[in-house]
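Each remark here refers to the structure printed beneath this line.
The values are calculated or read from the model by the stated rules, or taken from the named source; none is laboratory data. What you are looking at is a predicted structure, and each value in this text was computed from that prediction instead of being measured. Cβ atoms come from the backbone with ideal geometry, glycine included; neighbour counts cover every protein chain shown. For accessibility, only protein heavy atoms count, side chains too; no ligands or nucleic acids. Shrake-Rupley method; radii C 1.70, N 1.55, O 1.52, S 1.80 Å.
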Amino acid sequence: MRSTGTAGGGSRRALVAGAVVCAVVVSGCGGQDSGPKGSSESDEGDVTVAATAKKLQRASMLRWKGSWRAGEPGEPKTRISVDVRALPAGDVVGTVTSKGRTTTVAHVPDNITLVRTDRTTGGDGKGAEGNTKADKGRWREVRERSGPSDRLGEGEGQIAGLDLTWFPPRELAEKLREYRPARSSAPGGTSTEWSTESSTRRSTEWTPSGTVPKNLPRPSGVPRDALGFHAKPRSGHGYEGVYWVEPDRPRRLLGYTGRDAEMKGPFGSLRGGPEPPRMTVRAEGKAAAKRAYRELRSIVDGLGKTISVNVPLSNDLARTSHGEAVCGPRCHSLTVPVTVRNNLPDARLRPRVRVTVRGGELGTPRDALPVLGSCEVRFRELRPEAEAEGGCTITGAELRKVADRAERNGGSFASAGIGLRFSTSPHGVVRDASEKKALAKVLHHHEKDTLG
């Protein structure tokens, strides 16, 4: 069962803090007169991000907008566009457009991430999370595997490769507070050194905007005279980016270009594409924040008792096995019996199991064997810890070629020195309790605690 705590902290905050905060080298970028003339030690805070962090800490809501190209290595690139509102307790609501389809997103930290693909937009039939046409107009939950092996994990707050836990104002303020001068010196000079609270490592000088890396361009909509605080990773932590800030007081955050907004994969690797996220941001008041909470509550109120869950399946969640394959005429087809068990103790599962056969010379490692064919078994919905049996038949040109070779060289696969290796992989739709009443309470407490 998902946590229903009323705070935005917990495992989510630990995840986010560990991914980014670890440090950075910060350099401000404006014109040649970036630093205030005649500034002194007492003015130094004006040209750091300290004032920006204070503004973020008090913000009732941040509205992020942007567009860039994304995609996994080796795959076609697609344009991602975002328009999301992030609230102090970590709640996020808005839209993400990917592959021509617009997906509405609602995220409640440590509890749930919901997505709904627009019924009316065009595109290739799949939305930001690979949703099919049958999913259009329906709310579904997106989860990563983060729980014990026999349970569904919590919603990790990721959509289209974006880390939704990065956007809220208080989370961002905590990161920006890490950036401060290493020692007293005039900020308008060329030798100001910087460090973070967690490190004594120091670098770099105050530089004009022209030195911001070309791969981190200013977002469209951010003024040309904005200061660019260039954050660099340290000791393998954090990711390069630029925080764009007003050149004058109160030095509000205007935008961001960089990789910190992307979801991190195993061992901190990025899941991004050829361009880093590039977004503008605007702080909005309590009235706008309350409207966002009304939208979130309306979404939760509209949920049913159960909800479909997008979650990667494994044999921990849906245990699969296969029996001995039976040859058809001349072994041009192989019928494979399959058993599947729903290992989830409190969620229903409508599984699909793909069976793959590889074949080749006996003794060859399985991964080196060519694929001869595959088939898929679709099962009825299984209650928690229920089991079902089925089967499917593999056919295809590659299987026929190998079967004909076996026939010419002894009559069977084994006598011809040919080994067959079968594997099964589970897919399917999980239906879990929506816990809408508990979610409504969480949203109520988040709004009350942060907006009054």
Single residue of Val442, Val430 found to be open to solvent by less than 40 Å² (accessible area, probe 1.4 Å), at pLDDT 95 or above, not in a loop (DSSP other than H, G, I, E, B) and not aromatic (Phe, Trp, Tyr) = Val442
request  = Determine if region 409-418 includes at least one residue that is on the phi > 0 side of the Ramachandran plot, in a loop (DSSP other than H, G, I, E, B) and under 29 Å from the mean Cα position of the chain (by Cα).
outcome  = no
remark   = Counting only residues in region 49-75 that are touching a Gly at 6+ places or on another chain (Cβ under 8 Å) and in a loop (DSSP other than H, G, I, E, B), the one modelled with the highest pLDDT is identified as Ser60
message = Among the residues that make up region 379-392, is at least one of them open to solvent by less than 10 Å² (accessible area, probe 1.4 Å) and touching a residue at least 60 places away in the same chain (Cβ under 8 Å)?
response = no
Residues of region 394-422 that turn out to be open to solvent by less than 20 Å² (accessible area, probe 1.4 Å) and of a type in the set (Ser, Thr, Tyr), as a count = 0
query = Given the residues Ser374, Ser425, which is the only one that is surrounded by 15 or more Cβ atoms within 10 Å (Cβ to Cβ) and closer than 30 Å to Asn111 by Cβ?
reply = Ser425
query = Does any residue of region 356-375 turn out to be acidic (Asp, Glu), within 15 Å of Asn315 (Cα to Cα) and touching a residue at least 24 places away in the same chain (Cβ under 8 Å)?
reply = no
inquiry  = So for region 360-379 (the condition being out of contact with any helix residue (DSSP H, G or I) (no Cβ under 7 Å at 6 or more places or on another chain) and basic (Lys, Arg)), does at least one residue qualify?
reply    = yes
inquiry  = For region 369-387, give me each residue that is hydrophobic (A, V, I, L, M, F, W, C) and either outside any strand (DSSP E or B) or out of contact with any Leu (no Cβ under 6 Å at 6 or more places or on another chain) (or both).
reply    = Leu369, Val371, Cys375, Val377, Phe379, Ala386
note = In region 338-368, anything closer than 12 Å to Val430 by Cα and part of a strand (DSSP E or B) is listed as Asn342, Arg348, Leu349, Arg350, Pro351, Arg352
message = For a quick check of your reading of the model, give me the residue pairs whose first member lies in region 394-405 and is on the phi < 0 side of the Ramachandran plot, whose second is polar (S, T, N, Q) and modelled with pLDDT of 95 or more, with beta-carbon atoms closer than 8 Å and at least 6 apart or on different chains.
response = Ile394/Ser333; Ile394/Thr335; Ile394/Ser374; Thr395/Ser333; Leu399/Ser333
inquiry  = Take the residues in region 165-190 that are modelled with pLDDT under 50 and of a type in the set (Lys, Arg); name whichever of them is farthest from Ala261 (Cα to Cα).
reply    = Arg183
